[in-house]
Amino acid sequence: MSDERTTSTGSRPLAVVTGASSGIGEATARHLAAAGFHVLCAARRTERIEALAAEIGGTAVACDVTDDDAVAALAALVQERGGELAVLVNNAGGAFGLTPVADADPEQWRAMYDVNVIGLMRVTRALLPALIASGAGVICNVGSTAGRVAYEGGAGYTAAKHGTKVVTETLRLELFDQPVRVCEVAPGMVHTEEFSLVRFGGDQAKADAVYAGVPDPLVADDVADAITWVVTRPPHVNIDSLVIKPRAQAAQHKVHRIS
Ligand code: 8X3
């Protein structure tokens, strides 16, 4: 499918992807562009999203989801482009630290809640009128298996990702009579260039150890493929929740390693 997806005015429908500068967000922007959307690639790192937008025929939008003004500017851009938004992928998020509760850093926990939960709320709230105006909008929140289970050292992140899940469910209830689907894609182990590196404050050895010996962890393209499938179902089909893990990850703690 490519570029055949058009609005009544003949233009490509708009999609917003937050956290589009790398990993799942970047891959999702590429997949949605290939599926016929004009993608607003939103992230803080402008160089990366400008290169991405140029490559996929989209638009780069400097946007920190924890910043009210930046999110208002994103919403203003959607209005300038016609005020109808077909797809919102709330992907911006992340884990900071892997510390037992006994040693937890409140600032890290606050930062995780800020980006994974409040950021998602802020962007959704700002873009909801445009999603409704499209007549068939869809929100896809990127959750995590960390929003389904607990694991040692993960409480700050798992609490935030449980928040992502519950906000998604709440929104679906609140929008039950609106033309907007509300979905969540919850990945398990995905080997991206940055997720674990950020979690471990740039410690490459610790980041690499997460995936050591795991035959074929998911990659960003696998999750982008799932997100694109979810948001391109017919408008009456709501995929509430899609958990996606590599075959090697039977459960959060039960991971097949060959070395
Ligand atoms: C990432 C999955 O297992 O690192 O959202 O928490 S995990």
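The values are calculated or read from the model by the stated rules, or taken from the named source; none is laboratory data. Keep in mind that this is a model prediction, so the values were computed, not measured. Virtual Cβ from ideal backbone geometry, glycine too; neighbours counted across all protein chains shown. Please note that ligands, DNA and RNA were not included when accessible areas were found on the heavy atoms of the full protein model with its side chains. Shrake-Rupley method; radii C 1.70, N 1.55, O 1.52, S 1.80 Å.
For the range 172-196, the set of residues classified as among the hydroxyl-bearing types (Ser, Thr, Tyr) and either open to solvent by 60 Å² or more (accessible area, probe 1.4 Å) or away from the ligand (no atom under 11 Å from the Cβ) (or both) is empty. Taking the stated definitions as given, is Gly36 on the phi > 0 side of the Ramachandran plot and open to solvent by less than 10 Å² (accessible area, probe 1.4 Å)? Here the answer is yes, as Gly36 does meet what is asked. No other residue among Gly93, Gly82, Gly58 is open to solvent by 10 Å² or more (accessible area, probe 1.4 Å), in contact with a helix residue (DSSP H, G or I) (Cβ under 9 Å, 6 or more places away or on another chain) and either closer than 19 Å to Glu184 by Cβ or of a type in the set (Val, Ile, Thr) (or both) apart from Gly93. In the set (1) free of Cβ contacts under 8 Å to residues at least 60 places away in the same chain; (2) touching a strand residue (DSSP E or B) at 6+ places or on another chain (Cβ under 8 Å); (3) away from the ligand (no atom under 11 Å from the Cβ); (4) of a type outside the set (Gly, Ala, Ser), the condition left unmet by His162 is number (2).
Of the residues that make up the range 96-106, is at least one open to solvent by 60 Å² or more (accessible area, probe 1.4 Å) and of a type in the set (Gly, Ala, Ser)? Taking every residue of the range 96-106 in turn, at least one turns out to be open to solvent by 60 Å² or more (accessible area, probe 1.4 Å) and of a type in the set (Gly, Ala, Ser). For Ala86, indicate whether it is within 29 Å of Leu32 (Cα to Cα) and in contact with a Pro (Cβ under 6 Å, 6 or more places away or on another chain). Considered against the rule, which asks whether it is within 29 Å of Leu32 (Cα to Cα) and in contact with a Pro (Cβ under 6 Å, 6 or more places away or on another chain), Ala86 comes out as yes. Scanning the range 119-145 for residues that are of a type in the set (S, T, N, Q), open to solvent by less than 30 Å² (accessible area, probe 1.4 Å) and more than 12 Å from the ligand (Cβ to nearest atom) returns Thr124, Asn141. Does Asp68 qualify as being at pLDDT 95 or above and exposed (fewer than 15 other Cβ atoms within 10 Å of the Cβ)? Criteria met by Asp68. Is one or more of the residues making up the range 65-81 touching a Phe, Trp or Tyr at 6+ places or on another chain (Cβ under 8 Å) and hydrophobic (A, V, I, L, M, F, W, C)? No, the range 65-81 contains no residue that is touching a Phe, Trp or Tyr at 6+ places or on another chain (Cβ under 8 Å) and hydrophobic (A, V, I, L, M, F, W, C). The sole residue among Gly201, Gly213, Gly163 that is among the small types (Gly, Ala, Ser) and assigned to a helix (DSSP H, G or I) is Gly163.
The set of residues in the range 173-196 being without any contact (Cβ under 8 Å) to a residue 24 or more places away in the chain and aromatic (Phe, Trp, Tyr) consists of Phe176 alone. Taken together, Arg199, Arg148 contain a single residue that is of a type in the set (D, E, K, R), more than 9 Å from the ligand (Cβ to nearest atom) and either touching a residue at least 12 places away in the same chain (Cβ under 8 Å) or open to solvent by 10 Å² or more (accessible area, probe 1.4 Å) (or both), which is Arg148.
I need the full set of residues from the range 238-250 which are over 20 Å from the mean Cα position of the chain (by Cα) and touching a residue at least 24 places away in the same chain (Cβ under 8 Å), in order please. Within the range 238-250, Arg247, Ala248, Gln249 meet the criteria.
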